[in-house]
There are 2 protein chains.
Amino acid sequence: MTGEQKKKDNNTVFIGKKPSMAYVLAVVTQFGDGQSEIRIKARGRAIGKAVDVAEIVRNRFIQTAMVGEIIIGTEEVAAENEKINVSTIDIQLKKQETK
Amino acid sequence: MTGEQKKKDNNTVFIGKKPSMAYVLAVVTQFGDGQSEIRIKARGRAIGKAVDVAEIVRNRFIQTAMVGEIIIGTEEVAAENEKINVSTIDIQLKKQETK
């Protein structure tokens, strides 16, 4: 749990320090693998990038994807001798069935 | 409409370059003035700060405030010779009636 959190859920993409397009590709790939619902999660400074990733996916790559639930929260993170609060975001993208 | 957007809505706080606590104070003041619903809006790099502001308000100052609708989007911004896309966020905070 040190540094970037790398937990690997099937339908979750954690936003870290890579360029946005790396995460866009991860989301697009998971939709391509048949996932119909993906969660994009980030905390702290990566929050803006999480919004960018969701927007790029649905505007440029997967027009049938729509934003579902968006959850914001706060996590306590241990830093040196103190605990600091870090904001979090969790953006759900859902792929609509095309008829 | 150049630079930081300064439109003044009654129940809207636009997040810019000031420290987070300046915007926390603005939100808390508007709730104190009797608003029951406030929208915290930001774009680009200020998006993370908007989430911080919402979280600080409801965790530290107004325990009866809850997060309502969160909307993300994309705006086209004119920059030098090109148009660039900037992500936006709009976080609704609602104060619950205490009985």
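The values are calculated or read from the model by the stated rules, or taken from the named source; none is laboratory data. Here the structure is a predicted model, which means the values were calculated and not measured. Because the Cβ atoms are built from the backbone with ideal geometry, glycine has one as well, and the counts that use them run over all protein chains shown. Just the protein is used for accessible areas: all its heavy atoms, side chains included, with ligands, DNA and RNA removed. Shrake-Rupley method; radii C 1.70, N 1.55, O 1.52, S 1.80 Å.
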Excluding ligands and nucleic acids, what accessible area in Å² is computed for A:T74 using a 1.4 Å probe, to the nearest 10?
60
How far apart, in nm, are the 7 Å Cα→Cβ label points at A:E75 and B:E37?
3.2
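Can you pull the mean other chain C-beta count within 10 Å for peptide A:44-50? All intermediate terms of the calculation are to be shown ahead of the outcome.
Details: counts 3, 2, 1, 7, 13, 3, 5.
Per-residue shielding by partner chains comes out at 5.
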For region B:73-85, 3J(HN,Hα) per residue [Karplus equation, 6.51 cos²θ - 1.76 cosθ + 1.60, θ = phi - 60°, Hz, x = Gly/Pro]
x, 10, 10, 8, 10, 7, 9, 6, 9, 9, 9, 10, 8
Computed, not fitted: 222 nm per-residue ellipticity of chain A from DSSP H runs ≥ 4 (each -39500 (n - 2.57)), nearest 500, equal to -7000 deg cm²/dmol
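Relative contact order of region B:1-90: what whole-number percent is it, with Cα pairs under 8 angstrom and at least 6 residues apart? Show your work: numbers first, answer last.
On the way: 107 pairs, mean separation 23.5, N = 90.
Here the relative contact order equals 26 percent.
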What gaps in nm, shortest first, separate B:N11 from its twins in the other copies when you place the label 7 Å past Cα toward the beta carbon?
3.4
Just how much of A:D52 is accessible, in Å², when a 1.4 Å probe is used and the result is rounded to the nearest 10?
50
Could you work out how far helix B:20-32 tilts from the main Cα principal axis of chain B, as a 0 to 90 degree angle to the nearest 10?
50
For the protein assembly as shown, go through all pairs of different Cα atoms, get the mean of 1/r, take its inverse, and jot down that Kirkwood value in Å.
17.9
What ranking of B:R39, B:R58, B:R45 comes out by heavy-atom accessible area, probe 1.4 Å, highest first?
B:R45, B:R58, B:R39
Put a label point 7 Å from Cα along the Cβ direction on A:N81, then list its distances to the equivalent points in the other copies in nm, shortest first.
5.4
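Normalised radius of gyration for chain A, please: alpha carbon Rg relative to 2.2 N^0.38 Å, two decimal places. Please list the in-between numbers first.
Numbers: Rg = 14.1 Å, N = 99, 2.2 N^0.38 = 12.6 Å.
Ratio of Cα Rg to 2.2 N^0.38 Å: 1.12.
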Of A:K41/A:K94; B:K41/B:K94; A:K17/A:K95; A:K18/B:K41; A:K41/B:K41, which pairs sit farther than 23 Å apart, going by alpha carbon to alpha carbon?
A:K17/A:K95; A:K18/B:K41
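Over all directions, how big on average is the projection of the convex hull of the alpha-carbon atoms in region A:14-66, in square nanometres?
Details: hull surface 13.0 nm².
That works out to 3.3 nm², a quarter of the Cα hull's surface.
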Identify the residues of region B:42-74 with backbone N under 19 Å of a label point that sits 7 angstrom from the Cα of B:N11 along the Cα-to-Cβ direction, or state none.
B:42, B:54-55, B:57-58, B:62-72
How far is helix A:47-56 tilted, in degrees, relative to the longest principal axis of the Cα atoms in chain A, given as a value from 0 to 90 rounded to the nearest 10?
10
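Using a simple charge model, +1 on the beta-carbon of Lys and Arg, -1 on the beta-carbon of Asp and Glu, nothing else, what dipole does chain A show about its Cα centre, in debye to the nearest 20?
Values: 16 positive and 13 negative charges, 66 e Å.
Around 320 debye, computed over chain A.
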